[in-house]
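Data block below; observations after.
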Amino acid sequence: MDHTILSARDLNLYYGENHALKNIMIDLPERQITALIGPSGCGKSTFLRTINRMNDLIPGVKITGSLTYRGEEVYAPGRDVTDLRRRIGMVFQKANPFPMSIYDNVAYGPRTHGIRNRVKLDEIVEQSLRGAAIWEEVKDRLKKSALGLSGGQQQRLCIARALAVKPDVLLMDEATSALDPISTSKIEDLASELKKDYTIIMVTHNMQQAARISDNTAFFLMGELVEFGETEQIFSMPQDKRTEDYITGRFG
């Protein structure tokens, strides 16, 4: 039986008057890739950002209902948000390396968590870059600026940076939408590799991508979770007419 790692019950989110997530009920299994699909502005990125409390940064947000991570309420009063974001890492649509060396980008998180030992940092940096399948490309230029890397390399560096703090879950918000096909396929291969050790939840606009690499797919529409299930079943035999219409390209 797959173990649930994240659970939403009657989860609602409001941006001011805008009801952006409506009664979301979902159980996300660990060490699998779950793809969130649906038209723009339908709630999938909002849901993703709710998981590691990125929406806290937006004024006027109100959240009701329950969201648990390994059985604990994510929005419990007194919850340590820094610790939560260490355990639930995020990779954004646009690669955002810090304007510093490749090495320092990856060592940044471990250093902020108090790791100062050079040997230990070297080890974490190498492991993380290997984990993000970019070590061979950068091992001779670790002291060079991360901004000199190509877009696809920068995105893998951002994945390495997320891995460096030993997270449990990796959220990917359209992580390949700005990349060329070759870089995209490297990151897809990487995601398939990483799910041995991590739970991956990805928002994607690319239905082929969802079909290729995810184990489960959730279809969002107008703030509602219309359907959630095994990717194969969602794409071959969707239960809801709206899912079928979206997948066959009738709208969106």
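Against the chain, whose longest principal axis comes from its Cα atoms, helix 151-163 is set at around 90 degrees. For the chain, modelled as a GNM with alpha-carbon contacts under 10 angstrom, which of THR184, THR217, THR204 fluctuates the most? With Cα springs under 10 Å in the chain, the top fluctuation among THR184, THR217, THR204 is at THR184. Across GLY152, GLY41, GLY78, mean-square fluctuation computed from a Gaussian network of the chain (C-alpha pairs under 10 Å connected) peaks at GLY78. Using alpha carbons only, how many angstrom separate the centre of the stretch 50-79 from the centre of the stretch 222-242? That distance is 25 Å. When VAL119, VAL81 are arranged by Cβ crowding within 10 Å, least crowded first, meaning fewest neighbours, the order is VAL119, VAL81. Taking other C-beta atoms within 10 Å as the exposure proxy, SER183, SER192 rank SER192, SER183 from fewest upward. Counting neighbouring Cβ atoms within 10 Å and putting the fewest first, the residues ASP83, ASP215 line up as ASP83, ASP215. With the convex hull drawn around the C-alpha atoms of the stretch 4-247, the volume per residue stands at 123 Å³.
Where a number appears in this text, it was derived from the coordinates with a stated rule and is not lab data. Predicted model only: the values in this text are computed from it and were never measured. For neighbour counting, all protein chains shown are included, and Cβ atoms are generated from backbone atoms with ideal geometry for every residue, glycine included.
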